[in-house]
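Note sheet for the following structure.
The values are calculated or read from the model by the stated rules, or taken from the named source; none is laboratory data. Since the structure is predicted, the reported quantities are computational estimates derived from the model, not experimental observations. Neighbour counts are summed over all protein chains in view; Cβ atoms, including those assigned to glycine, are modelled from backbone coordinates with ideal geometry.
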Amino acid sequence: MDVELARTLLVAAAAGNFVTAAERLHVTQSTVSARIRNLETLLGVKLFNRHRGGVELTAAGRRFLRHAKTLVQTLEQARQDVALPEGFAGSLTLSGRIALWDGFLPAWSAWMRRNSPHTSLRLEIGFEEEIMQGLAQGALDIGVLYTPGRRPGLAHEPLFDETLVLVSTDPARPWPDPGYCHVDWGPDFHARFSAAFPDAPAPALHANIGWLAVQTLQANGGSAYLPLRMVRQLETGGQLHRVPAAPVFTQPVYMVYPLDRDDDALATALEGLRLLARKEQRSARLDAPFTATYDEASPRAVSSPSSDSSTID
């Protein structure tokens, strides 16, 4: 379908007559009338009722209106996506979980600006399912996420282990904490949490992203398992405190990318992610003040000094 037909319908519907629509589209009134007739013939329905005062959408026209909006919006988005800014030789689209945009992925985008200055970047936030779908469909070049599903034609490469620590707004807050907010870090985290705290009541608060848990804790108090990267500054400012003797969990971070791509921009982007991931892994080991282990038969957290942040596998 010619998108100009859909655009003409949108303008005519908003204007209420073909004369004003023609002025706004910078065409003649006969051109507007011809476009609408062509669209009605194509769809096999009458889209406008014509009367002396102007035009109004029929029931079929109102139903088609939302599809016309989608067609026009999709074309405009496509134009923006394929058009490169002046001076750029290529583009990359990366989507990652929102927690990874706290420090790690912004550092990567800055690294790319320095090391691949002629590559235009499109940066997105997503969840595992939509990221994997975008990669499979070719809409994304790189995904950075926690639990990638296996898809043919895609490489799954570990980057670093996210260190999840239990933090609270009140260091003296008892556990189990009625204000605990359970963040969905994936099925592996949920299984390990349940094994470490078998007697804990079902959480009354749930969040699908860590950022929501941080906002909830800051507004209402409570506790949550959050990435060490996210809480460092809040710990320094005294807003959050690590719960002593609480188990520390690890959550692997992966990057996923197409196997059939062989270009310099993608290779540079992947190398940057690997480099920054190694730095993040070293930082997490140095920053962890303790590790915690538990007996598989009778889970019970035990604190001990260590430089290793991985505790429950």
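Surrounded by fewer than 22 Cβ atoms within 10 Å (Cβ to Cβ), within 30 Å of residue 153 (Cβ to Cβ) and either modelled with pLDDT of 90 or more or under 21 Å from the mean Cα position of the chain (by Cα) (or both): is that true of residue 251 in this structure? Don't jump to the end; show me each part of the working.
Details: surrounded by fewer than 22 Cβ atoms within 10 Å (Cβ to Cβ): yes; within 30 Å of residue 153 (Cβ to Cβ): yes; either modelled with pLDDT of 90 or more or under 21 Å from the mean Cα position of the chain (by Cα) (or both): yes.
So residue 251 fits the description; yes.
Looking at this structure, is residue 173 charged (D, E, K, R) and over 26 Å from the mean Cα position of the chain (by Cα)? Show your work before the answer.
On the way: charged (D, E, K, R): yes; over 26 Å from the mean Cα position of the chain (by Cα): yes.
So residue 173 passes the test.
Please count how many residues of region 108-126 are in a helix (DSSP H, G or I) and in contact (Cβ under 8 Å) with a residue 12 or more places away in the chain.
Of all residues in region 108-126, those in a helix (DSSP H, G or I) come to 108-115.
Subsequent filtering for residues that are in contact (Cβ under 8 Å) with a residue 12 or more places away in the chain retains 108-109, 111-112, 115.
Of the residues in that region, 5 qualify.
Can you name every residue in region 200-248 that is over 19 Å from the mean Cα position of the chain (by Cα), of a type in the set (A, V, I, L, M), closer than 15 Å to residue 284 by Cβ and not in a helix (DSSP H, G or I)? Let's see the steps before the verdict.
Step one: filter region 200-248 for residues over 19 Å from the mean Cα position of the chain (by Cα), giving 200-205, 216-225, 228, 231-248.
Imposing the further condition that a residue be of a type in the set (A, V, I, L, M) reduces the set to 200, 202, 204-205, 217, 219, 224, 228, 231, 234, 240, 243, 245-246, 248.
Filter once more, keeping what is closer than 15 Å to residue 284 by Cβ: 228, 231, 248.
Residue satisfying the conditions is 248 alone.
Residue-by-condition table, conditions (1) surrounded by fewer than 18 Cβ atoms within 10 Å (Cβ to Cβ); (2) in contact (Cβ under 8 Å) with a residue 60 or more places away in the chain; (3) not in a helix (DSSP H, G or I):
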position: 10; (1), (2), (3): yes, yes, no
position: 20; (1), (2), (3): yes, no, no
position: 34; (1), (2), (3): yes, no, no
position: 45; (1), (2), (3): yes, no, yes
position: 56; (1), (2), (3): yes, no, yes
position: 67; (1), (2), (3): yes, yes, no
position: 78; (1), (2), (3): yes, no, no
position: 87; (1), (2), (3): yes, no, yes
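Given the residues 50, 24, which is the only one that is surrounded by 12 or more Cβ atoms within 10 Å (Cβ to Cβ) and either assigned to a strand (DSSP E or B) or touching an Asp or Glu at 6+ places or on another chain (Cβ under 6 Å) (or both)?
Details: 24 fails: either assigned to a strand (DSSP E or B) or touching an Asp or Glu at 6+ places or on another chain (Cβ under 6 Å) (or both).
Going through 50, 24 in turn, the sole match is 50.
Within the set of pairs 6+ apart or on separate chains, which have a first residue in region 147-159 that is over 24 Å from residue 280 (Cβ atoms), a second that is part of a loop (DSSP other than H, G, I, E, B) and modelled with pLDDT of 90 or more, and C-beta atoms under 8 Å apart?
153/259
Taking the condition of a type outside the set (A, V, I, L, M), in the same structural domain as residue 285 (by TED's automatic domain parsing), under 20 Å from residue 162 (Cβ atoms) and surrounded by 18 or more Cβ atoms within 10 Å (Cβ to Cβ), does residue 210 pass? Outline the logic, then answer.
On the way: of a type outside the set (A, V, I, L, M): yes; in the same structural domain as residue 285 (by TED's automatic domain parsing): yes; under 20 Å from residue 162 (Cβ atoms): yes; surrounded by 18 or more Cβ atoms within 10 Å (Cβ to Cβ): yes.
Taking the combined requirement at face value, the residue satisfies it.
Identify, please: which residue in region 261-279 is of a type outside the set (Lys, Arg) and over 20 Å from the mean Cα position of the chain (by Cα) and is, among those, surrounded by the fewest Cβ atoms within 10 Å (Cβ to Cβ)? First the steps, then the outcome.
Of the residues in region 261-279, the ones of a type outside the set (Lys, Arg) are 262-273, 275-277.
Those still in the list that are over 20 Å from the mean Cα position of the chain (by Cα) too: 262-265, 267-268, 271, 275.
Numbers: 262: 8, 263: 12, 264: 12, 265: 20, 267: 13, 268: 16, 271: 13, 275: 14.
The qualifying residue surrounded by the fewest Cβ atoms within 10 Å (Cβ to Cβ) is 262.
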